[in-house]
Structure formats: structure tokens, C-alpha cells
Amino acid sequence: MARAGGITNAVNVGIAVQADWENREFISHISLNIRRLFEFLLQFEATTKSKLASLNEKLDTLERRLELLEVQVGTASSNSSLFTMHGQIAEKGSRHANATSSTLLVASPGTFSRILGHKHTLGSQLTDFSGGVKEMGLEKEQELEWIEAQNIEISLDLVAAAKKQLQFLAAVDRNRWLYDGPTLQRAIYRYNAYWLPLLAKCCDETISEGPLVVPLDCEWIWHCHRLNPVRYKSDCEELYGMILDNANVVSSLQGTCKRPTEAIWSRLYPDEPYDFDFTKASSENASETLSGLAKHTEYDLISAVKRQSPFFYQVSRAHMSDDIFIQEAVARYKGFLHLIKRNKEKSIKRFCVPTYDIDLIWHTHQLHPVSYCEDLNRTLGKILEHDDTDSDRTKGKKLDVGFSGTTKQWEDTFGRRYWKAGAMYRGNSPSPLTAIPCVPDILPKDADAAKEFLKIIKLPEMRVVEAFLEFVGVRNLPDEKKGTLFVLFSKTQPDVFFNNKQKLTILSESGQKQVASFQCEPTGELLFELVSHSASSLPGRKTCKTLGTASLSIQEFLVPVSKLGAEKWLDLVPASGTDSSKPIALRVSVSFTVPTVAPHVLHMVRPRAFSKGSCFQLPLAGTVPAGKSFTRVIDETQAEVIRLQMRESGMAKMKEDSLSRKQVIGITKHGETHTVAEFLGTHWSLMNSQWVLQHSDKDGENGLLFDLKGNRMVKVFLGRKLDYEPKHCEKKKNEGDFMTAVEFSAEHPYGKAVALLNLKSRCLKAKEEWFVLPGLVSVFILHHILKKEGRSGLTTDGKSTKKIDGAKQKVNVENDKHANFTASIETEVHSDDDTALENAVMHNKDGTCNGEYGGQKGSIVKSSGCGGCGAGCGNMVKSDGCGGGCGNMVNSSSCGGCGAGCGGCGGGCGSMVNSSGCGSCGAGCGGCGGGCGNMVNSSGCGGCGAGCGGCGGGCGSLVNSSGCGGCGGCGSMVQSSGLASVEA
């Protein structure tokens, strides 16, 4: 039976080999036929060109003879006796018209014009045909290059290996003592003194039945060493006579039992523990002892670690570990190797720079040194060096020039874009909050109470994708179409992330590469509108004409996730009045990330009386009557989530020596009332003691303000930290307006940003749903405290220096701004005990609550994230530029008397999208016409334009608002501020 089974297995293997061989022959046969077809097309093009040249020469000769004949006929028309032509004239005509010498020839000038017209038409059609053949041939050639690149053999499952690498990098980032200092030096010593000799011994002889499990510290140094593959190979061969591979090694993170490895380690190194000993690291000088080793690498591993430490931040987002994203990254890595192969064949010296998806796979390949050497020698004839020494991204430097060159070569070779959503440079790693890992300090959890409060608010789960978009080319344009071409793109169904039209140029027309980066929900379609922009007959005016539209389904890619991008020609549906023999086609390149859960964005809106017809009055859902002291919380869709109120828990008038007890009451949209927070003299108790909000014991450390402890540990820092840290390209804002909630846990001992609190606009952006309710209550309490402190801390010069428990901080507030701000959020609770209440939570004060918050609207990428903030502006009508909060009012069908309500704060209307009837809004904007600046496609702006007055510059963001009245002149000042430059 065993023999029969062996024969069967052999037969199966033979069949598999035969099938594989037949598949290879089939692929080779198809490739050969495609090449033959391409050669035929090239030959056909050459033949066509030759025939066209011959035909053109004959047509030119005929044209000259016809012109001569036309002159003769014109002469004859003046003398009727010459109309009848016999003999010599007929004989001359017969040479060109194949007529007999007795033929009667009567002709008019129009006849010859039609003949000449036919000649030009035929020539134009033949030229178009030749161009089409050439374009088709180029696209086929580019597709063949991509197919050839995908045939590169990699002897490794790069998808599975890449996912393991991401897990390992995350583990190292949780142990940042491996990044620097004596612990790093000790890890390098252990790697040289213990791990490499053990690995070499294992390669020489069988010392373990199972795989070796490498200690975490040694694995990290080994990781960085292997990422210089040429140096690692030479070091291994010099020190141990062979390349030390990882074929029989597993990471300590893989769950494999490490006891056999520990036993071998203890036998070989009895004085050195298997796990890292922090005591030895602090007591010994590892750099000195390293020089005493018989064998060790001279490679500067400390510098290698420094270069590799920031890499994890670039590849740490959730979509990076998605199977489809990694599979596409492997395909792109093969394309990257193919470019290098082509450069080698053509003796071109180019510093090729990968995007971060390609770099992740390249790193993964290098971490398997034997496979890497064999695969690269087979493909390139050499081991490809990994140069990570350059990090200067300044324009004109080596990295910038290399990336630009790689981008051009990639797009010319493969006919597809090099950039990819989710794979580009994210900027520098955020500044760490602490160098010492934080041990979580949590409260015991009451499961029943926790479930009760989780039911208080219900939030819809929204998903979001990052998208990149570029318009590459356009073809089949009618000859008479003049002017500048551009494309307006939008979504057929706007969502809370992307709700307006944006403009991009076309690469083939402008010669400039523009790539839009934006976020949107993974639903609906992207709509593209090709527009021709040309000079008008009226001086100083230009006209825009839509030539056609096309759409691209987002769900085709993402529901379910099948592929994350495409580049293709889309035929446009012609606009009315546009005639063309062939449909105009637009080449579109788009890329998406895998959908992820979107953060929850909630706003606190104070109810107040509005003038009739005011555009700031939002119709919010809810059955509870609006009390003037309640604050309504609305989500991204402007649906009411909960109402909050600060009230006294005891008698209105308390004794002088007792402390007023305050409560925060929450009322759901179904009318249920809950006490969501209570002040207990030294701290706030939230959600029936599920959370405690109190002043931090380490006040002032890196902006640390207070702790929020429950079944998780959250610390709140002043300003925008970690993932919310402002990038260099962002508009400068007052960091005192922001607080960042950071969770510390075993998984994130150095902190993970879970929410951003904006006390000025009373907005909460929460990544985690569990933080929404405690975060909302905390924002509500802190906003109340800041209001009280800001009012009491003012001096006559508008500045205040206040000292509390030894902490001093200056508060800069303009008197009138502060007065307006506090008036807009006034509550019914007034107590002399507020000072004690406030001191119990927060010592550092900042009364700067007013400023230019609306500036956030400049970006096309994320400006829509403020959701229902518009209602909040109703309470800040006089707050000097804060009116920009109305930014995301979508489809406001009737703006009505909005302008009159705005007063000097026209910015309140600023981002209204598709406001079909602006009415008298502009007239009220007065000198602050900038408020109308972001109105997109306001088909009936009417009086608004006239009302913009001298501040028309604010209309700069108007996108083709054809009816903007007096402001229309600014329409050409369209700035697509969300365009993202992409770099490796």
C-alpha cells in the first residue's frame, strides 16, 4: 500500500508539473502572439504613413492643376464664346479629368472648393487614424511591460511575511527602549555575542528539533542589520563563512514555545539570561565590551536603528495589513524591480525611490536573506542594495530628484500612476508624549452600569476611505473647442466628508501634475464634468462650457473590496449642443484605501432665539422641548444625539461653609433623563462612577492637564498631540483651543490618541465609540469651567495673569470677543462656589476662546468633517469670524434672511453647498463678503454678489458660480486647496 501511495503521489506530482509546464507554454504562446500583433500594428502604421505621403503628394499635384483650371474657367466666364471648349482646352482638361478632346467642360469655383475640402477631410481622418494606432500600440507596449514585470519570480510568500513584519514592528514600538540609550547598546552586544553565534551553530549542526525562537531585542537588531543586504551578506560570510538565514527561526511573537531555545541558550551562555536584563543594561558599558568580542560586525548598528525607527509610523495605519492592499503592493514591488532591471539593461544610473507600500514589501524580502540574494541575482544579476541613508526631502535633493525620476519612468513604462492612496509619505513621526511607558491605572468595572450608559446614545457607524484622483488625458476633442480644459469632480450623492465640487487640471493639457487627495464614504459614484474655459467677447470676461460628463462607481471597487484603484478611459456623455463624431474620452486614475470606521464628530449647540427666516436655525430631530439652558449634541448628519444641562443638585441657596453640588443631566431624544456626571468636591464622577475626571497629579508635564479614569486610563493634554499634531502645511491655530485625549494601555504604553476636544467650538472628534459619552460630558464640563475662569480673569487691558497652586499662565483675550463668547453660552447656573469646582479639575487656564476657527475650511480634503457645526454658529453670531461654523450646511434650499442675521460675520454662510436660493444673504454680509466665499454652485446667488462689497476677495473659493452677480469677477480665483503633493 505504501508503495502504491508513493506511486500515486509521484503521478500527482508529475501531473502538476505537466500542468504547470503547459500553463507556462500557454502564457508564452499568448505573449508571443501579442508581440506579433504589436509588430503588425507597427508595420501597418509605417505602411499607412508611406501611403498617406504618396496620396498627399498626388493630391497636391491635383490641387495645383485644379487651381490652373479654375483660373481658366474664370477667364472664360467673362467671354461667353469661350464657354464651349473644343480642341486644345478640352485636351488640357483631359490630362487630369480623363475626358476626350471633344468633351464639353463647364465648371464653377465652388466645385473645386468642395474637391479641396474633401482632400483636407480625408487627410485629417487619416492623421487621426494614424494617431489612434500609435496610441493603441503604446498602451499595448505598456501592458506587455507590466505582464513581464509580474513574471518576476519571488521564492517567498511576501503577503504573509509582510503581515508578520507589521506585527513585529508594532511590538518593537511598544518597547521603545530598543530605540536608544544603554538598552540599545546592550541589545547590540547581545546580538553580536550570543544570537549570531547561536544561529551559526544551528546552521552548522542540528542542535534543536524545532525552530529557534529569537529574543525580541536580538530580533530587532537582526532586523536592522538585514535591511542592508549587501553588508549583512559580507558580514556573515566574513565572520561565519555563510549567509545566516532565518529559514529555521521564528519570532517570539508567533506563539511558538521558546523553552527549547531557552534551554540551548542557557547551556551555551549560562551567565546571560535569555530575556533582556535591564539591570545589566544600566550597570555595564556595552560599547566597551563589544570591542572585546572575538567576532562582531563593524557595521554601525546604532545608526541603522535610528534610520529604521521612524518607518513603523509610515506603515502603521490599519489598511496596510489588508490582504488586497498587500497583494497590490507585491505587484507594484515587482514593477519596481522591473524598472531597475530596465535601467541596468540600458546602463541608466537612477536612484529609484519606492512608495511606502513598495518599501514594506522590499523590507520584507530583505528580511529573508537567502531568498533575497537568489531572487535578485536571478532577476538583476546582482544583489540590490538598500540605501536608507538619505532622509532629506527638500526639493532638488537626492531623494526628491530620485522620486520624481522614478515616478516618470514608472508612468511612461507601465501607463499607470505611481502614487497610491495610503502609501505616501505621512510627514514626520509625531512628538512622543513620554519616554517612559505608562502603567494603566484603571477603576473596577460595574458591567451592568456600563451597559446601561452605553444605551444612552446611539450613533450610526460610518465608514470612510482615503482617495487619490488624477486626470491624465483627454481625446477625441472637436477641433473647434478652444480654451483651457479642466475637470470638476464631485459625488452624485454628497456625504459628510465630501460634499462639494472640486477642480483639477488635465495632465496632457496643462503639463502639470495635479493629484487630489480627499476622504469620502465608500458609496455612490464620482461624477466628472469636463469644462472648457475660454475668453468671452465681453472684455475682462471668460466663458465656461461643459463638454460632457462621466461617472465612476466607488462601490465597484469597495463593496466588497476587490481592487483598490484603476486607470482607464471613460467616454463622456456629451452636453447639449456638443456634437462630435466620436465621444470625448477622459483618462481617469483613481486609488482608494480599504474602508475603515470613521471617527465620530459631535458638536454642542446652544439653543437661543433666532430671527425669523434665519439660516442658522437647524431643524434638529428630537421630541424633548428645548429649554434655554440645555445644550444639544448633534452628530455628523445634524441629528440630535443627547441634550446636556448643568444644574444644582441641592437647594439653590447654600450655606457659606458648604459646597454647591453640581450635576450634568443628560436627556435622550426619547425623553429619558440620566445624571451623567456629578461634582463631588475634589473630582467629577461620570456615568454613575464609571469614570472619574480629576486634575492630574503630574500637572504641566508635556501639557498634561487632567486624568479621566474608568475601565480604561485616559490622560488629557493641552493642544493637538500624536495623530492630531498639526503638520507643517496646516494653518496655524491657537493650541490652547484644543485638548487631546490619550489612552494608555498595555497595547499602547506610550499613548494612543483617541479623541480631539475643541473647547472653543465645543466639538468632539472621537476615534473610539467607548469614549464618546465620557468625552462629551468632559467637554461640556471643561467648557463651562473655561467660560467662568475667562470672565473672572480679565483685566482692563484685556490680559490676565493668574496664579493657581504655583502654576502661572497668561490668558490673552479681547474684551469684546470674550463678552460676546460668554453671552452666547450663558447658563442658568450661577454660584460663588464655581471657583472651588473649577480648581478641583483644572489648574492651567486659558481664556482665549475666540478667534479664526473658520479658517479650517481651506482644505478640500477634510474640511467637511465638521458635520453639523453650522447650528453652533447660531450662538456665536457676534464672535468675530466664528461664523465659519456654518461650513457644512448642505443643500440649504432657502438661505432667506441669513445675511441680515450674520451682521459682520458673513463667514457664517461661507461653506453652504448647493444653496439654490441665497436671496438677500449677500446684502446682509456687508463688508465681510468673504462669508460667501465657499458657496459652491449657488445657482441663484443674486443679491449676494452685490452684497459682497469691497471684500469680494472672499469669493475666491467660488467654483464656477455662474450667477454670482457682482462677485462673479472673482470666479476665476478658484483654488483647489486640497491638492496633495505626493512623495515617497
Worksheet item: So which helices (runs of 4 or more DSSP H) are wholly in region 266-376 and hold at least 1 residues that are free of Cβ contacts under 8 Å to residues at least 40 places away in the same chain?
Response: 278-283, 286-290, 301-308, 323-345, 356-366
Discussion item. Can you find, within region 666-682, the residue that is modelled with the lowest pLDDT among those that are surrounded by 17 or more Cβ atoms within 10 Å (Cβ to Cβ) and either in a loop (DSSP other than H, G, I, E, B) or of a type in the set (Val, Ile, Thr) (or both)?
Written reply: Lys669
Worksheet entry | Contacts under 6 angstrom Cβ, first residue in region 443-466 being among the aromatic types (Phe, Trp, Tyr), partner part of a loop (DSSP other than H, G, I, E, B) and modelled with pLDDT of 65 or more, 6 or more apart | Phe453/Met687
Fill in: Test for Ala318: is it under 30 Å from Thr596 (Cβ atoms) and in contact with a strand residue (DSSP E or B) (Cβ under 8 Å, 6 or more places away or on another chain)
yes
Item to complete: Could you please tell me which pairs satisfy a Cβ distance under 9 Å, a separation of 6+ or placement on different chains, a first residue in region 487-511 that is within 13 Å of Glu521 (Cβ to Cβ) and in the same structural domain as Gly524 (by TED's automatic domain parsing), and a second residue that is basic (Lys, Arg) and at pLDDT 90 or above?
Response: Phe498/Lys491; Asn499/Lys491
Discussion item. Against the condition touching a helix residue (DSSP H, G or I) at 6+ places or on another chain (Cβ under 6 Å), surrounded by fewer than 22 Cβ atoms within 10 Å (Cβ to Cβ) and in contact (Cβ under 8 Å) with a residue 40 or more places away in the chain, how does Leu764 come out, does it pass?
Written reply: no
Worksheet item: Going through region 400-414 one residue at a time, which ones are of a type outside the set (Val, Ile, Thr) and crowded, with 19+ Cβ neighbours inside 10 Å?
Response: Phe403, Trp410, Glu411, Phe414
Worksheet item: If only one of Gly422, Gly402, Gly381 is within 29 Å of Ala161 (Cβ to Cβ), outside the structural domain of Ile506 (by TED's automatic domain parsing), in contact with a strand residue (DSSP E or B) (Cβ under 7 Å, 6 or more places away or on another chain) and not β-branched (Val, Ile, Thr), which one is it?
Response: Gly422
Item to complete: Only one of these is within 28 Å of Gln514 (Cα to Cα) and touching an Asp or Glu at 6+ places or on another chain (Cβ under 8 Å): Asp357, Asp390, Asp375. Name it.
Response: Asp357
Response to the item:
The residue that is farthest from Val213 (Cα to Cα), considering only those in region 254-271 that are of a type outside the set (Val, Ile, Thr) and surrounded by 15 or more Cβ atoms within 10 Å (Cβ to Cβ), is Tyr269
Discussion item. Given the condition without any contact (Cβ under 8 Å) to a residue 24 or more places away in the chain, surrounded by fewer than 16 Cβ atoms within 10 Å (Cβ to Cβ) and more than 29 Å from Asp390 (Cβ to Cβ), answer yes or no: does some residue in region 168-184 qualify?
Written reply: no
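Listed here are the residues, each with its yes/no results for (1) more than 23 Å from the chain's Cα centre (by Cα); (2) at pLDDT 85 or above.
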residue	(1), (2)
Pro574	yes, yes
Pro583	yes, yes
His600	no, yes
Arg606	yes, no
Val624	yes, no
Arg632	yes, yes
Worksheet item: What do you reckon, is Gly335 within 25 Å of Leu144 (Cβ to Cβ) and small (Gly, Ala, Ser)?
Response: yes
Worksheet item: Could we say that Asp412 is part of a helix (DSSP H, G or I), within 24 Å of the chain's Cα centre (by Cα), acidic (Asp, Glu) and not assigned by TED's automatic domain parsing to the domain that holds Leu469 here?
Response: no
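So that you can scan it fast, the table gives a plain yes or no per residue for (1) β-branched (Val, Ile, Thr); (2) not in a helix (DSSP H, G or I):
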site	(1), (2)
Trp177	no, no
Asn192	no, no
Leu196	no, no
Ser208	no, yes
Lys233	no, no
Thr256	yes, yes
Item to complete: Inspect all residues belonging to region 774-781 and state whether any of them is at pLDDT 85 or above, assigned to a strand (DSSP E or B) and not basic (Lys, Arg).
Response: no
Discussion item. Going residue by residue through region 271-282, is there one that turns out to be small (Gly, Ala, Ser), more than 30 Å from His365 (Cβ to Cβ) and either in contact with a helix residue (DSSP H, G or I) (Cβ under 6 Å, 6 or more places away or on another chain) or not assigned by TED's automatic domain parsing to the domain that holds Pro354 (or both)?
Written reply: yes
Worksheet item: Which one is farthest from Glu148 (Cα to Cα) among residues in region 14-36 that are at pLDDT below 80 and touching a helix residue (DSSP H, G or I) at 6+ places or on another chain (Cβ under 9 Å)?
Response: Arg35
Worksheet item: Is there any pair with a first residue in region 527-554 that is under 15 Å from Val590 (Cα atoms) and a second that is modelled with pLDDT of 80 or more and among the hydroxyl-bearing types (Ser, Thr, Tyr) whose Cβ atoms are under 8 Å apart and which are 6 or more apart or on different chains, and what are they?
Response: Leu527/Ser490; Leu527/Thr492; Leu527/Thr549; Leu527/Ser551; Phe528/Thr549; Phe528/Ser551; Ser551/Thr492; Ile554/Thr523
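The values are calculated or read from the model by the stated rules, or taken from the named source; none is laboratory data. As the structure is a prediction and not an experimental result, all values here were calculated from the model. Using ideal geometry, Cβ is built from the backbone for each residue, glycine included, and neighbour counts are taken over all protein chains shown.
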